[in-house]
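A short worksheet on the structure shown next.
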Amino acid sequence: MKIKKAHVSISLLILILSLSVAGSINQNFKPKIIIEPPRASDGEITIVTPENKTYTQPDSGYYPATYGFENDLAGSDPMVMSVFEGAGYVNVVDEVGGYKNIIEMYDGISTNHDELFDIFPLQTHGTVEFWMRSSDVTKANQFTLLDSTASGVYGQGMGWISLIVDRINYEDSSGWHATSKIPYDNTWYHIKVEFECSTSNYRGLAQQSYRFYVDGEFFGDFSFKNNIDNITKVYFFTRGGDSNYRCYIDAVAYSWDSDYVIGDNRNEGLLLSYENTISLDWQGYSLDGQTNKTILGNKTISIPINGPHRIQVFGNDSLGTNYQSDLKHFHVGFLPIFPVIPGYDLYLIIGALSVISALLIRKRLKS
């Protein structure tokens, strides 16, 4: 059968018009992207503290840090650091000496030791600071920083710092040395360690050297015990030769933690605590509308400046659903600390003010 040319032409024309219309429709098509906002709070996340009140003092016993152990249960191992329990136990306890949610290392036998340690990304310089306390400073309560080759506390490192035989001692390339610092039983000490592996002159340190401070008192500079070019581990530990004592650690902080400011853990802060009714894969908070900061749970924050503030907690689950707490408003109104004026200076000031007042009154009467 023969097909007429007119029929073919009409069919081709219909096909061309159809393609043209379809192309025009596709050019104007824009996919609709749905971005799910955080769900308004239905009680999935509820902030407990800070409370809706004026704070005139910090939360007693809570110190800002990289690891403050605020989210750990008493009697359990810490979630954020690792432990070795060779001589007893390494657990979180509620409170010791006014410090809350801290680590207790109990050394009960003389044939082994306990460890609290952390492994972090390679650092060539930095600062580590923390609080330490011992029930018996005649026995070894020790700290060190180790490099990436170390597989345990006896590996290559900076050298040990130790509260032992009623002294604070340190180790460098030439051996052990005693400082003039005398520690006391059941007393908290703030210890800050600065180290430099490279030639970047961190805080004025030479290559492969360190220094430390005890409650602000300076000791250093000292050469590394070993020839190392990095730090990746921190260890707190007891000693195998000692027994029947306890070492306590709190508020471990790193300078390379972008959410921590060196020196903040010397002072108490405000505890951010909250409850959640659903399992969260990620958690964070925002203070005064600032960028969210990731947290693992309850967290001690530094005291904000005097004035009104607001804080909010966010989270999401394994399905990607976002949640948020209600805003919690609070106020900081710390009283200013005035300098102490000696008695004789105070009398001089009062006398001067009296003379000035008398002159002003006389001038007014004359006018």
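The values are calculated or read from the model by the stated rules, or taken from the named source; none is laboratory data. Not measured: the values here are computed from a predicted model. All Cβ positions, even for glycine, are placed from backbone atoms using ideal geometry, and neighbour counts span all protein chains on display.
Points worth noting:
- Taken over the range 254-304, residues that are in a loop (DSSP other than H, G, I, E, B), more than 19 Å from the chain's Cα centre (by Cα) and on the phi < 0 side of the Ramachandran plot amount to 5.
- Which numbered condition N186 fails, given (1) in contact with a Gly (Cβ under 9 Å, 6 or more places away or on another chain); (2) farther than 20 Å from P78 by Cα; (3) surrounded by 14 or more Cβ atoms within 10 Å (Cβ to Cβ); (4) in contact (Cβ under 8 Å) with a residue 60 or more places away in the chain: (3)
- When R203 is tested against (1) on the phi > 0 side of the Ramachandran plot; (2) assigned to a strand (DSSP E or B), just one condition goes unmet, and that condition is (2).
- Filtering G241, G284, G307 for residues that are without any contact (Cβ under 8 Å) to a residue 60 or more places away in the chain and exposed (fewer than 15 other Cβ atoms within 10 Å of the Cβ) leaves a single hit, G307.
- Pairing residues of the range 87-105 that are charged (D, E, K, R) with residues that are assigned to a strand (DSSP E or B) and surrounded by fewer than 24 Cβ atoms within 10 Å (Cβ to Cβ), at Cβ distances under 6 Å and at least 6 apart in sequence or on separate chains, gives E104/N91; E104/V93; E104/R246; E104/Y248.
- Residue in the range 339-359 that is modelled with pLDDT of 95 or more and over 28 Å from D72 (Cα atoms) present: no
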